[in-house]
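The values are calculated or read from the model by the stated rules, or taken from the named source; none is laboratory data. Because the structure is predicted, anything quoted here is derived from the model rather than measured. Here Cβ is always computed from backbone atoms with ideal geometry, including for glycine, and neighbour counts include all displayed protein chains.
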Amino acid sequence: MFNLQDKRILITGGSSGIGRQIAIHAAENGAIVTILGRDKKRLSDVFTELAGKGHNFFALNLTNEQEVTTFIKSQNTFDGVVFNAGIVEYSPVKFLTNEKIKTVFDINFNSTVILSQQLLKNKLIEKKGSLVFISSIASVIGIGGTALYAASKAALNAYTKVIATETAAQGIRANSISPGIVITPMTEQSINVSTDRSMDDKEKEYPLGYGKPEDVSALAVYLLSNASKWMTGSNLIIDGGLTLT
Ligand SMILES: NC(=O)c1ccc[n+]([C@@H]2O[C@H](COP(=O)([O-])OP(=O)(O)OC[C@H]3O[C@@H](n4cnc5c(N)ncnc54)[C@H](OP(=O)(O)O)[C@@H]3O)[C@@H](O)[C@H]2O)c1
């Protein structure tokens, strides 16, 4: 049921953290994977870790519409896409600027809209394809200092529901995943941000502790597979119990 045999899967931000693990896990389940990111060396390193044959990688900046258009023109259809690339930004509201708004929304939201729009317009998503948007638990709870990150991910949740409505007639499904803290290079960067509480201290709020990339990749594989064929428009929270109570 969870088999991805010969399904062509595109993963943005496949060079690191959660995206890297989704690529590895999808390939282990038989998928033919294409990964995107800016850093060619990191993409190439992940590429060599992928089981099976036919995989590909492209270095591009997803916030550059021209680079995205060039990539789209070179592609065949996909059975699934994981919109995972993103950045985190910590600023109390009183320190926000237009530049920060643009930087965070450009990659976390705008680039996802443009890539999905181009894929659909160019008929590059197969009927019964699956679109998976990596959101965040920050989109549904108010974590101080995360205003832009949280808002960009909440926008993604809303976008997922609308795209699910618009593509259902073609059997295409769209769902978002909202993880709590998962240990990746992104969170290691957060550890260095000075806060009044240590990461160890914050982990006590997680009944099952912080997550690992494979916790999220297992859910992504489920959403990409036929096992989830009746699921669309959902936002799946996976947070080790952070929002349990
Ligand atoms: N880790 C967590 O605790 C956590 C929790 C909830 C949600 N998430 C979400 O999960 C996703 C992955 O996070 P992660 O923790 O795995 O982060 P990560 O290790 O920092 O990976 C981010 C990925 O996005 C790519 N990327 C960033 N900007 C890009 C751009 N302009 N163009 C193309 N690629 C770009 C990066 O590649 P290059 O740098 O090479 O471009 C990298 O592959 C993000 O959307 C994040 O918001 C993470």
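General remarks:
- Options Ala158, Ala154, Ala150: the member that is assigned to a helix (DSSP H, G or I), over 23 Å from Gly14 (Cα atoms), out of contact with any Phe, Trp or Tyr (no Cβ under 9 Å at 6 or more places or on another chain) and more than 10 Å from the ligand (Cβ to nearest atom): Ala158
- Helices (runs of 4 or more DSSP H) contained in region 36-135 and holding at least 2 residues farther than 25 Å from Pro185 by Cβ: 65-73, 111-121
- Pairs are defined by a Cβ separation below 6 Å, a sequence spacing of at least 6 or placement on different chains, a first member in region 34-45 that is under 16 Å from Ile18 (Cβ atoms) and at pLDDT 95 or above, and a second member that is near the ligand (Cβ under 6 Å from one of its atoms) and part of a helix (DSSP H, G or I); no pair meets this definition.
- Restricting Ile72, Ile18, Ile35 to those that are out of contact with any Lys or Arg (no Cβ under 7 Å at 6 or more places or on another chain), β-branched (Val, Ile, Thr), surrounded by 21 or more Cβ atoms within 10 Å (Cβ to Cβ) and under 26 Å from Lys127 (Cβ atoms) reduces the list to Ile35.
- Residue check for Glu214: part of a helix (DSSP H, G or I), within 11 Å of the ligand (Cβ to nearest atom) and either at negative phi or at pLDDT below 95 (or both): no
- Close Cβ contacts (under 8 Å, 6 or more residues apart or on different chains) running from residues in region 88-112 that are in contact (Cβ under 8 Å) with a residue 24 or more places away in the chain and over 15 Å from Ile134 (Cα atoms) to residues that are small (Gly, Ala, Ser) and exposed (fewer than 14 other Cβ atoms within 10 Å of the Cβ) comprise Pro92/Gly144.
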